[in-house]
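The values are calculated or read from the model by the stated rules, or taken from the named source; none is laboratory data. These numbers come from a predicted model, not from an experiment. FYI the Cβ positions are ideal-geometry reconstructions off the backbone, even for glycines, and counts take in every protein chain you see. Side chains included, ligands, DNA and RNA excluded: accessible areas come from the protein's heavy atoms. Shrake-Rupley method; radii C 1.70, N 1.55, O 1.52, S 1.80 Å.
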Protein chains: 2
Amino acid sequence: MCQRPQIPAQDLDLLVSDIFRSVKLSGDEALLKYAKLFDGYNGPSLEISQDEIDAAAQQVPDALQDAIRLAASNIERFHSSQVVEFPKVETAKGVVCWQESRAIESVGLYIPGGSAPLFSTVLMLGIPAKIAGCSQVILCTPCDKNGFVDPAILFAAKLVGITRIFRLGGIQAIAAMTFGSQSVPTVVKIFGPGNQYVNAAKKKATDFGVAIDLPAGPSEVLVIADSSAVPEFIAADLLSQAEHGSDSQVVLVTTDRAVAEKTLKAINNQIRDLPRREIAEKALAASRFIVMDSLENCFAFSNEYAPEHLILSVSEPQKWVGKIVSAGSVFLGNWSCESAGDYASGTNHTLPTAGFAKNYSGVSVDSFVKKISFQQISKSGLQQIGPAIEVMAEAESLIAHKNAVTIRLKALQND
Amino acid sequence: MCQRPQIPAQDLDLLVSDIFRSVKLSGDEALLKYAKLFDGYNGPSLEISQDEIDAAAQQVPDALQDAIRLAASNIERFHSSQVVEFPKVETAKGVVCWQESRAIESVGLYIPGGSAPLFSTVLMLGIPAKIAGCSQVILCTPCDKNGFVDPAILFAAKLVGITRIFRLGGIQAIAAMTFGSQSVPTVVKIFGPGNQYVNAAKKKATDFGVAIDLPAGPSEVLVIADSSAVPEFIAADLLSQAEHGSDSQVVLVTTDRAVAEKTLKAINNQIRDLPRREIAEKALAASRFIVMDSLENCFAFSNEYAPEHLILSVSEPQKWVGKIVSAGSVFLGNWSCESAGDYASGTNHTLPTAGFAKNYSGVSVDSFVKKISFQQISKSGLQQIGPAIEVMAEAESLIAHKNAVTIRLKALQND
């Protein structure tokens with residue numbers, strides 16, 4: 001029951017390898033060729049100018065500008081709380097160890113274009129990058145045949161301080177950030193969602209030493225409901241996940257069969273007027289309603305399923321927080337709808353899908369830093385731990401490791 | 001100058017795919033076949049019994065037991081400081097968001113056997129796993145033809161609370177942990193160093209949804225030295241890195257040509273009696289001594305090189321900590337030798353190599369947990385942020401996302 005819909009595994013490896021080779025070899029020339037081929041854009045410029053970015057704001061309605069600002073402020077507030085200062089620890093007398101975070105210097109954000117301009121993802125990736133202090137943050141997003149990018153994307157990018165934006169979509173965008181070109185700087189970590197082409201390209205990028213945010217998979221939600229749940233709310237939440245894509249999965253696990261039945265009815269009502277009804281219907285066809293005999297079992301199932309989004313439509317949801325082992329983002333109670341987390345509560349919406357909540361975290365400020373260990377050992381500190389190092393190094397047959405201590409301990413004896 | 005020695009990229013993909021397929025299909029039967037083929041071990045049992053583990057301690061000399069206990073205590077003290085409690089943040093009135101860490105439930109540690117029994121790595125992986133609270137920690141390590149594993153490995157495993165240890169090496173060990181078998185449980189994250197076979201297998205494991213600790217690469221050290229450095233100490237540190245493998249790289253960057261010359265002399269002296277002299281000589285052949293005109297430039301070069309280990313043999317090393325952008329583990333001053341971090345200072349020795357210090361962290365307690373986001377939104381909280389969500393969802397053409405808010409706001413109006 002934890003199985004996700006099987007996506008026909010199209011082997012894109014040849015196509016991805018071809019485009020990567022071509023971009024590595026020919027840089028901008030190849031990128032412009034693919035922009036023409038795939039997006040119908042006939043050049044001349046890959047980079048969107050500062051004037052174009054500035055002008056975009058004027059095309060974004062005031063209400064949307066305000067909404068984006070409110071969301072950005074909440075996201076910034078929450079992600080700022082993720083910045084951690086580690087203590088210095090004296091592990092043995094004279095041996096002081098600590099960690100410090102450093103921003104990953106150059107990162108690339110991929111924002112899909114197509115039917116829905118995901119400006120919310122610009123906030124979700126750009127804000128933690130800014131808080132982490134990444135010195136170079138670039139953004140790639142596909143343009144239309146006239147070279148236009150949705151103004152809301154440009155507005156959101158400007159709001160979070162991203163100044164370098166490229167008209168690049170698909171595999172070629174990922175290749176450009178992997179190798180760099182005349183126009184596009186190289187990055188060492190690539191973030192962002194995408195279709196199967198983009199995901200195959202991100203996996204290929206790791207062959208060249210580039211890190212990526214998360215392995216790919218279709219989006220999903222699991223709702224745990226008891227008799228206190230509101231079926232109309234559950235239906236709306238399930239549909240908001242189902243409209244993402246036909247490979248999305250929505251799961252309801254409940255202790256109350258009546259809730260399941262009422263939710264099904266509510267879905268049938270609410271789905272009628274949805275513009276993305278066809279997509280939602282396909283997703284629902286591969287989805288499940290499960291009735292369990294206890295909330296304990298609902299949570300056990302959820303932990304095994306490891307959902308990207310987990311909604312707790314139960315009375316006293318706080319009581320169950322400690323039982324949650326694997327999930328991406330959790331929504332407590334009837335008023336915490338999933339779309340709040342998608343846009344404006346402040347949490348990140350770039351989350352582990354497809355069961356990856358068992359072994360991966362969603363995007364946070366952590367995703368934009370690396371942690372360096374430091375140790376400062378005094379003379380007496382080395383006298384404390386040196387003999388143990390000598391014994392262990394010798395037992396591992398690493399005599400030069402031992403010598404590095406021995407030569408210092410001898411120098412101290414002669415001190 | 002940041003180039004690492006090129007390892008002839010042997011294509012192991014076919015071999016790895018074969019063994020993975022066979023282990024997935026035939027489980028223990030395949031594992032026992034490969035144990036015989038590659039390790040000469042003719043069964044019957046893949047798992048090492050508790051009696052064998054208990055007996056091992058009696059074969060480990062007291063001095064080594066004490067050294068391992070001291071190292072374990074320092075490692076535990078430092079890694080305990082990495083446990084983070086995140087605050088709850090009210091991002092908007094009535095909207096509370098927070099993160100909580102959860103242990104990755106089932107993890108696998110790979111410990112190479114061969115010439116050097118790396119019991120130190122058992123501590124470096126087992127201790128953070130224990131602190132994180134992983135409920136299942138298994139260990140795979142190759143045995144000799146009689147089924148024996150170095151007793152120090154078993155002793156260290158017992159000390160850190162690992163109870164399930166398997167006689168499994170190489171590709172088949174990684175395949176076993178990926179798919180599970182009759183004897184071996186499945187894990188969702190695999191840790192540990194290995195040769196090219198193990199590393200190719202770890203990469204393959206990620207195709208099946210298993211996470212891994214770090215991408216692979218040969219070990220390296222970079223020493224920054226000014227005229228306060230002690231050439232004999234630098235030589236010993238460079239050699240302790242060079243003896244790891246012929247593909248290791250050691251780099252000295254100094255503002256003082258005399259230090260470079262004296263270090264070279266000291267290396268020629270110290271290398272004579274090393275048991276692993278041949279390996280060290282090969283590594284030194286691909287290594288570099290660089291004289292720079294200022295310490296600023298030394299640090300700029302180091303950040304570009306992004307060394308796994310960075311030794312600061314300079315006066316006032318603390319002054320330079322803030323300038324370090326990319327490194328795995330940093331050793332401050334003349335008495336902080338790299339082998340201290342390899343064994344007993346308390347920091348972890350599983351670190352990013354090959355320039356991966358630019359975009360990856362070394363192993364820490366973080367590597368054994370995932371972080372879950374939570375949000376609890378009150379009625380008034382949803383009234384605060386709901387309208388912004390509606391505007392944004394509509395602008396992204398995700399009407400079901402909007403509806404999930406609208407239906408709730410309407411219910412509140414009627415409240």
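General remarks:
- When all protein chains stay in place and ligands, DNA and RNA are ignored, the 1.4 Å accessible-area order of A:SER326, B:SER315, A:SER219, largest first, is B:SER315, A:SER219, A:SER326.
- Of A:TYR343, B:TYR197, the order by accessible heavy-atom surface (1.4 Å probe, DNA, RNA and ligands excluded), from most exposed downward, is B:TYR197, A:TYR343.
- All other residues whose Cβ lies under 9 angstrom from that of A:SER219 are scored, Lys and Arg at +1 and Asp and Glu at -1, for a net of -3.
- Note on B:ALA285 and A:ARG288: the model spin-label points, each 7 Å out from Cα along the C-beta direction, lie 5.8 nm apart.
- Sequence-distant lysines (8 or more away, or on other chains) whose Cα lies within less than 24 Å of B:LYS319: A:LYS88, A:LYS93, A:LYS370, A:LYS371, A:LYS379, B:LYS358
- Across peptide B:235-242, the mean count of Cβ atoms from other chains lying within 10 Å of each residue's own Cβ comes to 5.
- Chain B residue nearest the axis that carries B onto A, by Cβ, with distance in whole Å, is B:VAL84, 3.
- GNM top mover of A:GLN383, A:GLN59, A:GLN196 - chain A, alpha-carbon springs below 10 Å: A:GLN383
- For B:PRO61, label point 7 Å along C-beta direction: distances to other copies, nm: 7.9
- Placing a label point 7 Å from the Cα of B:ARG257 along the Cα-to-Cβ direction, the residues of segment B:221-247 whose backbone N falls under 19 Å from that point are B:225-229, B:231.
- Global form of segment B:248-302, assessed from the alpha-carbon gyration tensor, a/c cut-off 1.5: oblate
- Residue of B:VAL96, B:VAL321, B:VAL60 that the Gaussian network model of chain B assigns the largest fluctuation, springs spanning Cα pairs under 10 Å: B:VAL96
- Inter-copy label distances at B:LYS323 (7 Å, Cα→Cβ; nm, one decimal): 5.6
- Extending 7 Å from the Cα toward the beta-carbon at both A:LEU14 and B:SER17 defines two label points whose distance is 1.4 nm.
- Anisotropy class of chain B from Cα gyration tensor, a/c 1.5 cut: oblate
- Net charge of Cβ neighbours under 12 Å - reference A:ARG408; Lys, Arg +1; Asp, Glu -1: -2
- Residues of segment A:286-309 with an amide N closer than 11 Å to a point placed 7 Å from the Cα of A:GLU316 along the Cα-to-Cβ direction: none.
- The accessible-area ordering, largest first, of the residues A:MET392, A:MET1 stands as A:MET1, A:MET392, per a 1.4 angstrom probe.
- Distances in nm from B:PHE38 to the matching label points in the other copies, shortest first (labels 7 Å along Cα to Cβ): 3.7
- With K and R counted +1 and D and E -1, the other residues having a Cβ less than 13 Å from that of A:VAL314 yield a net charge of -2.
- Relative contact order of segment A:12-212, defined on C-alpha pairs under 8 angstrom at six or more residues apart (%): 29
- Considering only beta bridges that DSSP places wholly inside the protein assembly as shown, some 25 percent are antiparallel.
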